[in-house]
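The values are calculated or read from the model by the stated rules, or taken from the named source; none is laboratory data. If you're wondering where the values come from, they're calculated on a predicted model, not measured in any experiment. Counting neighbours? That spans all protein chains shown, and the Cβs are built from the backbone with ideal geometry, glycine included.
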Amino acid sequence: MLPPRTPIAASLGVTNSPDCPTVFREMLWLIRRQLKSGKHEVRRRAVERLARATQAQAIDCLALALNDTDAEIRGLAAAALSKSDHGTAVEPLLLCLNDRAPEVIKAALPGLRRFPHPRTPSAVAPLLRHPDSGVRGMAAQVLEQVGWRAANRDEEIWQLAATGQFAQAATFGLEALPAIELGLSAATYGARVAAVEALGRIAHPKALRPLLAALKSPDPGVAIAAIDALCRREDGEAATNILPALKHTHPQVRATAVEALGRLRAPIAFEHLNHLLEDPIWEVRKQTAEALGRLRDARALDGLGGLLERDPDSDVREAGAVALGSLGERQAIGRLVWALKDSTSGVRRLAAAALSRIDTNWSTSLEARAAAEKLKDGLKDKDPAVRQLIGQVLNSLGVTDFSLTPELEDADAATANAPDKRRKLAVGLLLSLLCDTDRDLRQAAAETLAEFGDDRAGPALMRARTDEDAGVRMAVELALHKLEAPGA
């Protein structure tokens, strides 16, 4: 039996520490062979051993590893070179900047910040245009560290975009389009949204194509930013351009698109909005009702009427009542009278306010009388609360040829004497006025709601923050501030 092999270092009577030059030379010979192994794991362990070495001779072996076919191995070698304390690592690090894998380049860039080299600025500057946003950002940091300055407008644009200053880059106009468009693929949500917002500042027609592409982004934040940017364009095509967002898979994008179309009051929007009254998401249905109310298209009567009668969400029904009032069509009176029996008080209040907007004497109208006859059937409802509400409505219409049980009469009296009934009715009327076409009425409603200090006004005031009139927006902000104040 052969005796065990004695390591070369031990036979020479030297220590086994890798820091010993003799031991490291022995290890280096072995590591070079391992770097040529056909096994990925063997090559990876070899690079990791080199990364722990402190000798300058390790640099040459790490440089060899930069030619590995596997990007992970090259990245490990680049990272080891970046952490090296030897200035000879700069040359192989500069070679890494031409690597086809972004991760290798990002591993090499930190090392170039540590060792000044005359070739660094010229080698790093082209990376401001790299497809990978991480590479662009790190390249900008290296250039700033070495004191590089843009020599012309083009270089300044790319530097601004690489550092996420898209709005400032947009001031260069069409020249900045390629740099900002590249920002749409940025790794961070904030950078992508900022790039879209910057595209909206470029009025040239060529900026439209990337905005339409952003509209289809699976990222809801990017798609919503694209909708806002398209609304700001003054090309008269905003509504047409936004229409595809109505089919977006994310409900918040659909809701934002609906709200934008309502704000634009584009007649073309009706055909595309009406079917969204059946959207599975309540917020989309609510925004659709509000948008149809702004459009004031009589064709929306049936859809809004059905929404008011059957939608399971009270907020949606409230929006339907307000929208029917905005249409101003007498055909809506019957639908709104029927809503006066709604189980939610907010719906009833807004339906009453909507009826008054259509006709101050609506209770004596033929439409109301016809609706009252249909309401009588509801007096047989199994739910006593429903019967009570219908009885109240019929009483208000002057219909007396029906009777309520004593229990219901007592409940009716109790409801009529509720101390906050008038206050609730007033708040409901004021909330409906926030959607009025008269900006003075909208501002007055916001100011009065601030004095009432009713928390129920919060959601409506939040929506009114986007009012087209600056005076109304200011009144809304003051009202919201007062609602948030202690003791309000």
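Listing for the model above:
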read-out	value
Tabulated pairs, segment 79-107, first without any contact (Cβ under 8 Å) to a residue 40 or more places away in the chain and surrounded by fewer than 20 Cβ atoms within 10 Å (Cβ to Cβ), second of a type in the set (Lys, Arg) and part of a loop (DSSP other than H, G, I, E, B), C-beta under 8 angstrom, 6+ apart or interchain	Leu94/Arg119
Residue match in segment 309-320 (condition: at pLDDT 80 or above, assigned to a helix (DSSP H, G or I), small (Gly, Ala, Ser) and surrounded by 16 or more Cβ atoms within 10 Å (Cβ to Cβ))	yes
Those residues of segment 64-78 which are assigned to a helix (DSSP H, G or I) and either over 45 Å from the mean Cα position of the chain (by Cα) or surrounded by fewer than 17 Cβ atoms within 10 Å (Cβ to Cβ) (or both), in sequence order	Leu64, Ala71, Glu72
Which listed residue is assigned to a loop (DSSP other than H, G, I, E, B) and in contact with a Phe, Trp or Tyr (Cβ under 9 Å, 6 or more places away or on another chain), from Ala169, Ala176, Ala150, Ala125	Ala150
Ala194 crowded, with 24+ Cβ neighbours inside 10 Å, in a helix (DSSP H, G or I) and without any contact (Cβ under 8 Å) to a residue 60 or more places away in the chain	no
Matching option when the condition is closer than 30 Å to Leu261 by Cβ, at pLDDT below 95, of a type in the set (Lys, Arg) and buried (at least 22 other Cβ atoms within 10 Å of the Cβ), among Arg285, Arg296, Arg348	Arg348
So Gln55, is it in the same structural domain as Phe115 (by TED's automatic domain parsing), of a type outside the set (Lys, Arg), farther than 21 Å from Ile105 by Cα and in contact with a Phe, Trp or Tyr (Cβ under 7 Å, 6 or more places away or on another chain)	yes
Single residue of Glu155, Glu237 found to be in contact with a Leu (Cβ under 9 Å, 6 or more places away or on another chain) and at pLDDT 95 or above	Glu155
Unique residue being more than 24 Å from Pro116 (Cα to Cα), of a type outside the set (Asp, Glu) and part of a helix (DSSP H, G or I) when the list is Val42, Val90	Val42
